[in-house]
Amino acid sequence: MKSIVPKSVVIRPVVITGVSSGIGHGTAAELCRRGFRVFGSVRTEDQAARLQREFGSSFTPLVFDVTDADGIGRAAATVKEEIGDGGLFGLINNAGISDPGPLTALSPDVLRRHFEVNVVGVLHMVQAFLPLLRGTKSRPPGRIVNISSVSGRIAYPFMGPYAASKHALEALSDSLRRELLIYGVDVIVIQPGAIDTPIWDKAAHLRTSFDGTDYGPVLKGMNLSGERRTALPVAAVTRRIIDALVLRRPKTRYVVPDRWVRYWLLPRWLPDRWLDRAIDRLLKFQKVRDDIDRP
């Protein structure tokens, strides 16, 4: 497959959100290694200083939260001042959160927070940086790469807020891709499965936080460490992000599932009721019901 990147050395500015760890960190490191000019978002000055030392002169930290529209606007102005009329080669919307739990036991604020970060934050970024992505007579348009998830197509138990936000991100990306045809700005979605990142550490509370609910026994028996051992390395996703940025004719979506058959092929092809029964057997739900006299 041919690349749109010329063989000569060219400065290719890219903005990535959420580079302090995980997929964002791995992507920033690989792009710096390949000679890109990387602007990466973090939320603290300490993180900015650490990554500046780690990545060197190819990296410029941007301190803001993706839920802060004013902060995003200031970051866009900083990038414009740095790159001048060169424009952006790419915008990678990677920042996101995942706070798992049974939907009936979670505060609605948890769902709201997922949408603010995983969906609305992406729209804020696109609106702020679109002027730098639009092409001119002297340079081609840039690309937008949105980091979604296999949960954007398949919703598993206890991942409701995350899956709902990623389903929304898939729809947002499709609409953006078609609307931005007017500017020639392409939008590509990456759909990772289980990836070995610190997000697993943040999900560890799932086994104990819902002891007082009907789901407590199931959650306590979940083997998160075992699942993490089968997760793919960050590099598996990074490769697809690079493809999305540099290939002449990228796909609209790149799927990176850790287990094709179990987590992608079967769930997509099985009828809903069959998949429901398979999940029921896998999790060994203990049925809970109220004995109610019905007329």
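The values are calculated or read from the model by the stated rules, or taken from the named source; none is laboratory data. Just so it is clear, the structure is predicted and the values come from calculations on it, not from any experiment. Here the Cβ positions follow ideal geometry from the backbone for every residue, glycine too, while neighbour counts run over all protein chains shown. Ligands, DNA and RNA are excluded from the accessible area calculation, which covers all protein heavy atoms including side chains. Shrake-Rupley method; radii C 1.70, N 1.55, O 1.52, S 1.80 Å.
Starting from 0.36 nm per residue, how many nanometres of slack lie between ARG248 and PHE285 once their C-alpha separation is accounted for?
Numbers: separation 37, 0.36 × 37 = 13.32 nm, distance 4.80 nm.
Between ARG248 and PHE285, full extension yields an extra 8.5 nm.
Can you list the HN-Hα couplings for segment 121-129, worked out from phi with the Karplus curve (6.51, -1.76, 1.60; θ = phi - 60°), rounded to whole Hz and with x for Gly and Pro?
x, 5, 5, 4, 5, 4, 5, 6, 9
Run the simple label-point estimate for ASP46 and GLU82 please: 7 Å along Cα→C-beta, distance reported in nm.
2.3 nm
Taking only protein heavy atoms and a 1.4 Å probe, what accessible area per residue, in Å², does segment 78-122 have with all protein chains in place?
With all protein chains present, segment 78-122 gives 46 Å² per residue.
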